[in-house]
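Rule-based calculations on the coordinates, nothing more; no lab input. Keep in mind that this is a model prediction, so the values were computed, not measured. Here Cβ is always computed from backbone atoms with ideal geometry, including for glycine, and neighbour counts include all displayed protein chains.
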């Protein structure tokens with residue numbers, strides 16, 4: 001059975017030439033949205049439309065994408081609110097040491113280097129220079145934001161399902 005991974009959400013159209021505005025949730029947009037790459041569009045009724053990327057560009061905080069065979073606003077308007085997905089079998093396994101796919105990190109349990117359980121990673125944000133891992137705390141308080149930087153994230157073990165961090169001052173307050 002095919003496992004589909006989310007790579008973005010189509011939030012609107014852009015212009016009249018069939019571009020869609022996407023809020024990306026992929027760790028490798030330049031790879032996922034490369035010309036010729038095959039994606040699936042899944043609407044809220046679970047209808048799937050296979051598409052091939054014909055162009056991609058960044059615009060403000062969005063990714064703007066066009067698909068082969070969808071050349072105008074009318075043809076892509078139906079995709080608003082849909083999710084872009086990729087077949088997990090098409091992922092590139094040539095990651096460098098210390099690199100992970102988002103889906104490998106989400107769900108891992110985070111511990112301090114003293115062994116204290118903090119919570120589970122529920123989301124990953126990519127606001128700028130480094131990713132930020134959103135952790136739902138074990139004690140049901142406010143979400144904890146952990147910057148994915150060497151001085152904080154010390155060890156990631158996807159097989160054991162755990163992350164070890166050295167909290168910065170004020171991180172867990």
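At a glance:
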read-out	value
log₁₀ of I(q)/I(0) at q = 0.14 Å⁻¹ - segment 4-90, Debye sum with one point per alpha carbon	-0.39
Square roots of five times the Cα gyration tensor eigenvalues for segment 102-165, Å	16, 14, 12
Reciprocal mean inverse distance between Cα atoms of the chain - Kirkwood radius, Å	17.6 Å
Residues 131, 68, 63, sorted so that the one with the fewest Cβ neighbours within 10 Å comes first	68, 131, 63
Sorted by Cβ neighbour density within 10 Å, fewest at the top, the residues 46, 78	46, 78
Packing-based exposure ordering (other Cβ within 10 Å, fewest first) of 156, 76	156, 76
